[in-house]
Amino acid sequence: GGRTKVVLFGDSITQYSFHAGGWGQRLTEYFSRRADVLNRGFAGYNTLYAHLALQRLLPGELSDAALWTVGLGANDSMLPGSEVHLPASEYEANLRAILGRIQTASGGRAAIIVIGPPPKVDDQEAGQSSASSAEYAEIASRCAAAYGAEFLDMHAAMSSTGRPFSDFSHDGVHYNTAGNAFAFERIRGVIDTRLPQLAVPRDPVTGRYDLPNASPLPCEMPGIMELIDHANPAAVFTPLEPASAAAVAAHATLPSLWQTPPPWRTALVSAVLGAAAATAAIMRVASIKFRV
């Protein structure tokens with residue numbers, strides 16, 4: 001029972017995704033009023049540490065999550081000599097164990113998106129190698145296929161733009177605003193095209209995701225504009241049920257909520273304007289008395 005859960009699991013690229021404008025923050029908007037997006041990103045973690053952390057998380061309250069994103073490999077793929085580097089074989093074994101644990105805990109019901117490590121700005125002294133990231137992304141792709149998970153090759157996607165990774169990163173590893181926007185659009189694309197049971201269409205009029213629409217995930221609570229009868233609001237909440245198909249269809253036919261305002265809004269605007277006019281009149285009288 002309760003809201004659908006979406007878990008973002010990974011390293012600092014996931015942890016920092018909840019910063020303003022981050023791809024995780026954008027996902028919370030995408031799923032607003034439909035699912036709780038939970039950040040379980042841990043800065044500095046490679047797959048060894050992540051697997052140990054997951055053993056504390058699963059089984060548990062996250063076992064019924066409908067969707068997991070798993071973004072690991074940015075640290076594992078650092079060059080040998082880095083404290084967080086792991087050989088490719090260990091990375092693969094750990095990632096397989098992580099995916100297996102999620103599948104087992106969820107009873108095979110959770111959808112999983114494996115996000116491969118993005119490029120890096122090459123910096124030998126810092127242990128950063130974009131070629132190494134690409135190698136580990138290949139491994140992540142194999143692991144995703146082995147467990148029936150979706151795979152998002154962020155390295156290939158960003159590289160295919162022809163732009164240097166410095167355009168997407170503020171420090172050669174982590175995303176800047178442009179990188180976060182790019183990552184969100186690619187993740188959203190995977191959900192919209194490969195996981196239709198979780199997809200949330202954008203409202204064509206307002207551009208919002210939190211209005212009743214054709215999503216299989218219902219909006220939680222009635223919509224203030226579309227569904228609530230302001231003369232008898234309790235009628236909508238008792239019993240509390242998802243938006244009806246008729247209400248969804250009615251909303252879809254509206255050219256714009258603001259082009260066709262309901263009577264209560266027209267009355268409210270008239271009342272506000274009337275009150276403002278009355279206040280202005282009183283102030284004029286008071287001003288005249290004060291001058292006299």
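Proximity of backbone amide H atoms, modeled 1.01 Å from N, is registered between Y209 and D203 at under 5 Å, excluding neighbours fewer than 5 places apart on the same chain.
Highest-first packing order for the peptide set 65-75, 38-48, 123-133 is 65-75, 38-48, 123-133, based on the mean count of other beta carbon atoms within 10 Å.
For the stretch 99-107, backbone phi angles converted through the Karplus equation (6.51, -1.76, 1.60; θ = phi - 60°) give residue-by-residue couplings of 5, x, 5, 5, 4, 5, 5, 8, x Hz, Gly and Pro being listed as x. Phi-derived couplings, Karplus 6.51 cos²θ - 1.76 cosθ + 1.60 at θ = phi - 60°, listed residue by residue for the stretch 197-208: 5, 10, 6, 10, x, 7, 4, x, 8, 9, x, 8 Hz, with x used for Gly and Pro. To the nearest 0.05, how large is the calculated FRET efficiency for L79 and A231 if R₀ is 51 Å and r is the Cβ-Cβ distance? Computed FRET efficiency for L79 and A231: 0.15. Computed on protein heavy atoms with a 1.4 Å probe, the accessible areas place D122, D36 in the order D122, D36, largest first.
Rounded, prolate or oblate: which fits the stretch 55-160 when a ≥ b ≥ c are the square roots of the eigenvalues of the alpha-carbon gyration tensor, with rounded for a/c under 1.5 and prolate only if a/b beats b/c? Since a/c reaches 1.5 and a/b is larger than b/c, the shape of the stretch 55-160 is classed as prolate. Rounded to the nearest Hz, the phi-derived 3J(HN,Hα) couplings of the stretch 123-139 under the Karplus curve 6.51 cos²θ - 1.76 cosθ + 1.60 (θ = phi - 60°) are 7, 4, 5, 8, x, 9, 9, 5, 5, 5, 4, 5, 4, 6, 5, 4, 5, where x marks glycine and proline.
For the pair Q55 and A145, label points projected 7 Å from Cα toward Cβ lie 3.0 nm apart. With Cα atoms defining each centre, the stretch 1-64 and the stretch 132-207 are spaced 16 Å apart in the structure. The shape of the stretch 124-208 comes out oblate: with a ≥ b ≥ c from the C-alpha gyration tensor, a/c is at least 1.5 while a/b does not beat b/c. Close amide-amide hydrogen proximity is noted between D11 and F42, G71, each under 5 Å apart and 5 or more residues distant or on a separate chain (H modeled in the peptide plane; Pro and chain starts excluded).
The modelled label-to-label distance between R194 and A131, using points 7 Å beyond Cα along the C-beta direction, is 2.8 nm.
Pairs of Cα atoms under 8 Å, at least six residues apart: use those to get the relative contact order of the stretch 49-104, whole percent. Relative contact order of the stretch 49-104: 38 percent. FRET efficiency for the pair D122 and D64, taken as 1/(1 + (r/R0)^6) with r the Cβ-Cβ distance and R0 = 35 Å, rounds to 0.25. For the stretch 70-168, the set of trypsin sites (Lys or Arg not before Pro) satisfying both a DSSP loop assignment and a count of at most 12 other C-beta atoms within 10 Å is given as R109. Relative to the current alpha-carbon distance between D203 and D167, full extension at 0.36 nm per residue lengthens the span by 9.9 nm.
Average accessible surface for the stretch 12-159: 41 Å² per residue, computed with a 1.4 Å probe over protein heavy atoms with every protein chain in place. In this structure E135 has an accessible area near 100 Å², from a 1.4 Å probe over the protein heavy atoms.
The values are calculated or read from the model by the stated rules, or taken from the named source; none is laboratory data. From a predicted model like this one, the values you see are computed outputs, not experimental measurements. Heads up, the Cβs are rebuilt from the backbone with ideal geometry, glycines too, and the neighbour counts pull from every protein chain shown. In case anyone asks, the SASA skips ligands and DNA or RNA and just uses the protein heavy atoms, side chains included. Shrake-Rupley method; radii C 1.70, N 1.55, O 1.52, S 1.80 Å.
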